[in-house]
Structures are given as C-alpha cells and as structure tokens.
Amino acid sequence: MKTPPAPALHVRLASAALVGAGLLTALSLPAQTTATPVPRTRLVVQLTIDQLRGDYLDRYASQYTGGFKWLATHGAVFTNATHDHAVTETAPGHATLWSGRYPSHTGIVRNADGVQDPQTPLLLGSKGGGASPFRFRGSALFDWIRSDNQWSQALSVSRKDRGAILPLGRAHQNVFWYGLDGNFTTSRYYMDTMPSWVQQFNARNITQPYLSMAWEPLLPPEAYAEPDSQPAEAQGRNFLFPHKMNPDLRRALDSFPEFPWMDEITVAFALNGVNALKLGLGNGTDVLSVSLSTTDAVGHRYGPDSKELHDHLLRLDRMLGKFLDSLFVLRDSSTIILALSSDHGVQPFPGLRFPGTDPLRGKVNIKPLMDTTRSRLLALGVESDVLDFESGMVVLDKARLRAKGLNVDSVVRSLHSAWSKLPGVQAVYRKEDLPRLAASGNVIARRWLHAIPENLDAVLGVSLKPYHYWSTVNYATHGTPNQLDAWVPLVFAGGPFKAGRYTTAVHTVDVAPTLAAALGIRPIEAVDGRVLREALRTPPPRSPQRR
C-alpha cells in the first residue's frame, strides 16, 4: 500500500476515474505538507473482517505491507478487545459491534435466529432466502448519525446477508450482499427495484475472470512456517496448494466465497457504491460499512493455523491497502474515520490440539443425552420439540411443560445435572443464576448473561472446555464464550484518534459509543459500552447514555 497522508493533512483528490470502475489499483496520493485543522468527518468506514482473531494482526506483522500495516502505524490499536457475550457467531457479532449493545438487548442472539425473513424476498430472483433486520431491536450507530443530520446516508456491503444487514440495524438504506450466483442482491425490505449502478456492476460478470484462476501461495515457500499437509483441513479433501475451482460453473460459484478473490469483488462493489451514491460529499456524515467474509470461509475450511489462512491474510492485507488507497483518492482522507474489528475469533481443530488418533477426541457428543431426555419427555406426554439445543443454549418451551402439569424447575435441575456430567463440558449455567455469578466476577457467566434476552426461554448455557467442539462439527469453528472465540482486533483511525497501542481490556460494545463521541453525537438510547477516551485526541463533550 502506498502510504496515505496522516489524517491531519489535507489530500487533494486525484481523478476518480482511476477507481471509478471498481477495480482495485494501488494509487499514489499527492499530499500537501502544511497541516490544517481537522475538518468535519464526512465519512465513517465500518470494517468488519469475519473471523479475524485478535492475534492475527501481530502474527504476520513482519510480512504485512498494506492495509494492516497502515492501520498499525496510523491507528489506535487495542490489543485486548473481546466480545463479551457467549454465542460468538456472525450475526450477534455484527449487531453488537455497530450498536454498542449486547445480544441480550439487540435480540440478535445466534445465526439461526438472525436475518432470515421469507416475507422479504430477494430481488432479481437471486439465490438465497429472504432477509431483513426484523429481529433486530433498537438502534445502531447510523441511526444516531442520521438523527443528528437528516441528510446522512449509508451503504453496507458484504458477501453474507447478515454481514450487510446488521451493521446498520433496521435502517432502510443501501444494503447489498452476494447472492451466490455471481451477482450482488438485496431484499424487498430495502427496495423494490435494483439501482442502475448495481445492475451495471452485475452485468460486468466480474466473477468470470477469477473462475479459471488457481490459488497459489503469494510468497516463496520459506515465508510460511505452516505445513501444507494437514489432513484435518478441508475434511481431508483437497487440502494442498494449489487450489482450483470446479470447472462446472454452478459449483465454481458455490465455492467462490472460499477463495481470496471474493473479498476483492466485495471491495470493488463498495467503491462503485461510494461513487454512485456520492458518499462523503453531501451535507451529512455518511457511513460505509464493509464486511469481508473470506477469512471466515478459509478459517472454517483450513483452520486458523493453516498455510492457507496465512496466505489469505497476506492477500487481505494487500487488498485492504489498495482499498484504502482508492478510497483516499476518491475522498479527502482527513474527512474520514475508520474502525476495524471482527465478529468473532476461532479455535483450532481439536484433532490438532489433542494427541491420539480417535476422530472424536476433543469432541462433545450430545446426541445420547438429547435422545434420552426427549424419550423421558415423551413418556410424560410432552412432544420432543419442547426441547431444543442450539449454539450452546438449552431452550425449553416452559408454557407447554406447565400445561402438562410438569414442574419446570425440576426439569431444569435435572437437565443441569445431566449436561454438567458430559465429558468436555466446562460449566453449565442456569439462566436465573447468571446475574449473581456475573456480579461475583465469573467472566463466562457474564458472557452468558449478555447473550440471552429476557424473553428467550433458554434455561441453560453450556460452556465447553477450551479447544473442544461439538461432535457434529467437522470444520474449524467458533461460537463458544472461550477466549479464542471472543478475542478480536480493534483499531480506530482518523483525525479524532491518537495512534498507538492500547493494552486496556475493552469490549466490542465500546466501538459504537467511541465513534459517536469522535463525531460529537450521542446514542439515541442507552448503550452497554463506554467511550474509549484514551484513544481520543480531545475528550468528547458529552458522555453516552449507559445502562
């Protein structure tokens, strides 16, 4: 990445035609040498890198030359940031980051109850089900910005629908995601017809040139410490470089999100949208939200310690550098502030962590327990679907149990005892015990307290021991309240922020209120996070409402 000027310096705009086509080209940025007062922020850039664990920015820092290096040099880098909720999945992570509130308050608890909405079908007959933020409660950062200035607008882009939708909360703005057919799409929650600039971008068939490309390592073999010979990766199939897409077009498009090129296309689309919507040029403060999902796909398939993930992060660093170069040519960099974080981390394959040859080592099998419990409920005249288990939560339909004359507390105590005996389970928490345990300093209990809304009948939160998986999972994954799943990077950059490294323990609910303080605005409702004042050049004039 060609280093852009420091935020306090004015940048004269180069020709937007260089990047107007949406192609990522490294650009030189002419800069004046005379410092001027920091102008009003015209564009807030929300960068979410799906499954970017907290150690990834430092792990390969010596090999970064692009966006990660620029952020480390010019940004306020918090090295001890975590999601302080238990279900570390994509939907709750995105909703929390940009709203300043825990899943217990946003209502976005897990992917299974995220943005799926059959009442809002996709446009253009795109592949995938309907999607909207109808489950999301309350407001997000963009709502606070627009409440302060009615002219503000937003663009949110991702490969995933939940990655595009949830960063803006319920706002009816420009929200698009990849429809798995080579095109970007949206749903009828946002609009009835596709904007012409999106149709033009899709008409270019921009995925086509990538379909015949092989993914080879970017650097020479000696630059990678990781072996390229781990059968645990990719479920033992096609885990060696080079990686090629299936020659069948349909199958190639299905696997396309697992290749680094997916992020390039997402960013190219975002830059097109900046041009088409004139973001950062109006009378308000606009928001550009970009969620990049390839790190998640590569991490799931090959694992966090793979050569593939290492190579992808190097490519991501360079691609982010080109993105920032292009953005700082399109818009005056001194009017932009950025925040980068992630929706969750990831744990390694249990098979690589625990010795032996048992394919189920480090795995927790819940099927016998679930089968036994459901059989007992059926014997009591209760249908088996009264009990559900998802994302570490045991959910009971209490009303149906009471209707059958059963004592709910007795059932919960029995379940608590049975789940606690499962090998690989670290702790099981009853919902009613969470406030007391959290107040006593139990971090995992606190994360469960922040994960479960009051109206959700999740009676138990089941926490696995570190490095353990549920037995049904055959890929590298996340989702627990354990540290490697909760640990994410957090970086702020732009005029209001003081560059440097900060080791203070912070949480992702702090991101949105800190950005609001940098903009001189307040949240329009109580938030769970705090303003990270240590990273701001001048103290914010007003504090946010906190719970």
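Each reported figure results from applying straightforward, stated rules to the coordinates on display, with no laboratory input. Just so you know, these numbers come straight off a predicted model, no measurement behind them. With ideal geometry, Cβ positions are generated from the backbone for all residues, glycine too; neighbour counts draw on all protein chains shown.
Taking packing as the residue-averaged number of other Cβ atoms within 10 angstrom, the listed peptides 372-383, 277-288 run from highest to lowest as 277-288, 372-383.
With the highest mean first, a sort of the peptides 169-178, 92-101 on other beta-carbon atoms found within 10 angstrom per residue produces 92-101, 169-178. Seen from residue 547, the other residues with C-beta closer than 9 Å to its C-beta sum to a net charge of +1, counting Lys and Arg as +1 and Asp and Glu as -1. The modelled label-to-label distance for the pair residue 63/residue 369, using points 7 Å beyond Cα in the direction of Cβ, is 3.9 nm. With a Förster radius of 25 Å applied to the C-beta separation of residue 505 and residue 426, the computed FRET efficiency comes to 0.75. Modelled this way, with points 7 Å down the Cα-to-C-beta line, the labels at residue 226 and residue 251 are 2.5 nm from one another. Among the listed pairs 160/431; 363/421; 398/421; 69/465; 127/322; 322/498, which have their C-alpha atoms separated by more than 25 angstrom in this model? Cα-Cα > 25 Å for 160/431; 69/465; 127/322; rest within. Extending 7 Å from Cα along the Cβ direction at residue 417 and again at residue 193 yields two label points whose distance is 6.6 nm. Take 267-273, 225-231 and order them by the average number of nearby Cβ atoms within 10 Å per residue, most first; the result is 267-273, 225-231.
By Kyte-Doolittle mean hydropathy of at least -0.5 and Cα axial length of at least 20 Å, which whole DSSP H helices of the chain are selected?
The qualifying helices are 261-277, 307-330.
Would the stretch 100-197 count as rounded, prolate or oblate if I go by the C-alpha gyration tensor, calling it rounded below 1.5 in a/c and otherwise prolate when a/b exceeds b/c, oblate otherwise? Verdict is oblate for the stretch 100-197.
Note: relative contact order over the stretch 418-547, using C-alpha pairs below 8 Å and six or more positions apart, is 17 percent.
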